[in-house]
Amino acid sequence: MDKPLLELENVSTGYGIIPVLHGINLSVGKGDIYALLGPNGGGKSTILKVCSRQIDPWAGSVKVAGRSIEGIAAEDLAKAGVCTIPEGKGIFPNLTVEENLIMMTHACQSLQAIQSVTFERFPQLGNKRNQLAGTLSGGEQQMLSMSRALSTNPKLLLLDELSMGLAPIIVKDLYGIVSQLAEEGIGVLVVEQFARTVLGVATRAGILINGKIISEGSPAELEDQLSDAYLGTKGNV
């Protein structure tokens, strides 16, 4: 049986002396889309930082493909196939689309290969290759950020608030791409505050409140709990 692409075992951590996460257990397998849901301040982004080696666990362990990532540099983790798309996108706004793609060649892919993947997935970017990335629409900037992830041939994708500031129809298209990636065998851990944007494509989900996963299961199993647990009304989900 294949080992999970990502496994957190009893992970606790925080900032300074302030605890944020308490005994987190979570796993993401090949082709999984795990949606981590919960209100702001609950620790969702902290989990992504632990998974990408931006901060260390105080206790517990984080494993990628069955191997502990303790002591592994963040850049080496990326080379091993773990790619993070941070909240607020991960692009160079003062560079053109083409120049952003050139910056991606440090991952040992040729510019031609990166362009091929990018423009096949996101053809509208091909028509704007000489445009400054900062002048693209929010959705196009997120597409460019996602193309950076795809250029590394990731095995595990960590997404932080993919939907932030974007129109619902754009979010639907982006999550359609995420679903395609999962079908190709990539594991995805995605953090979202608003459940409706991701539950349609997620295979599993967890609700994180005050640094603890209070419930975990299929999207259908969790849907009725979301409003009652922390969002207040179904209209916000």
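No value in this document is a laboratory result; all are computed from the given coordinates. Just so it is clear, the structure is predicted and the values come from calculations on it, not from any experiment. Here the Cβ is made from the backbone with ideal geometry for all residues, glycine too, and neighbour counts use every protein chain on show.
A few comments on the model shown:
- If only the Cβ of Lys and Arg carry +1 and only the Cβ of Asp and Glu carry -1, the dipole of the chain around its Cα centre is close to 260 debye.
- Computed P(r) (all Cα pairs; the range 83-153; 10 Å bins; percent): 23, 62, 15
- Whole-Hz couplings from phi, Karplus 6.51/-1.76/1.60, listed for the range 155-172; x for Gly and Pro: 9, 9, 10, 10, 10, 10, 6, 4, 8, 4, x, 10, 5, x, 5, 5, 4, 4
- Normalised alpha carbon radius of gyration of the chain [divisor 2.2 N^0.38 Å]: 1.00
- Partner lysines whose Cα lies under 25 Å from the Cα of residue 155, excluding those fewer than 8 positions away in the same chain, are identified as 3, 30, 44, 49, 63, 79, 89, 172.
- Phi to ³J(HN,Hα) by Karplus 6.51 cos²θ - 1.76 cosθ + 1.60 over the range 35-45, Hz, x for Gly, Pro: 9, 9, 10, x, x, 4, x, x, x, 4, 5
- The DSSP beta bridges internal to the chain are antiparallel in roughly 55% of cases.
- Residue-wise HN-Hα coupling along the range 136-148, computed from phi with Karplus coefficients 6.51, -1.76, 1.60 (Hz; x: Gly, Pro): 6, 5, x, x, 5, 5, 5, 5, 5, 5, 5, 5, 4
- Semi-axes of the equivalent ellipsoid for the range 70-203, computed as √(5λ) from the eigenvalues of its C-alpha gyration tensor and ordered from largest down, come to 21, 20, 13 Å.
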